[in-house]
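A short write-up of the structure that comes next.
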Amino acid sequence: MEKEQYFGWLNTLQVGDEVRVIEEIEGIGHSINYSNAKISKIKENRAFVLSTGTNFNTMGEYRYQEQSLGNIFQYKMIPLTEDIKKKSRFYHINRMIGLLTGGGPL
């Protein structure tokens, strides 16, 4: 998604909208996790508070560094499309079935 489209999307968000959150962790290793959350509050400066309690800036991002381990956690909100909703609903169930049947993740 281009920057202009992304900022346009951010400006259309309202309380109660569900978004996709990308969590990128850099440190000893590098991992990327995905989750969904609802917007619980939009501040006057268009900063966002999600249902998880995380505060995102007006750019839809949040970043912090964990001092003891030196890990950097970066979060970004992206649109939650219908395709992603359908896939994520059964992802963990399909993965568990695959692992239990010995076929690996589906």
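The values are calculated or read from the model by the stated rules, or taken from the named source; none is laboratory data. These figures come from a predicted structure and were not determined experimentally. Glycine gets a Cβ as well: all are built from the backbone with ideal geometry, and neighbour counts include every protein chain shown. Quick note on the areas: whole protein, heavy atoms, side chains included, nothing else; ligands and nucleic acids left out. Shrake-Rupley method; radii C 1.70, N 1.55, O 1.52, S 1.80 Å.
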* Structure fact -> Low-density loop GluC sites (Glu not before Pro), segment 1-91, at most 10 other Cβ within 10 Å, DSSP non-H/G/I/E/B, are E2, E44
* Asked: How many nm is it between the label spots at S35 and F73, if each spot is 7 Å from the Cα in line with the beta carbon?
  -> 0.8 nm
* Structure fact -> Simple SL model, points at 7 angstrom along Cα→Cβ for R46 and V15; separation in nm is 1.9 nm
* Asked: Using a 1.4 angstrom probe with every protein chain in place, what is the largest-first accessible-area order of Y6, Y75, Y62, Y34?
  -> Y34, Y62, Y75, Y6
* To do: For segment 1-64, calculate the relative contact order in percent as a whole number, restricting contacts to Cα pairs under 8 Å that are 6 or more residues apart.
  => 23 percent
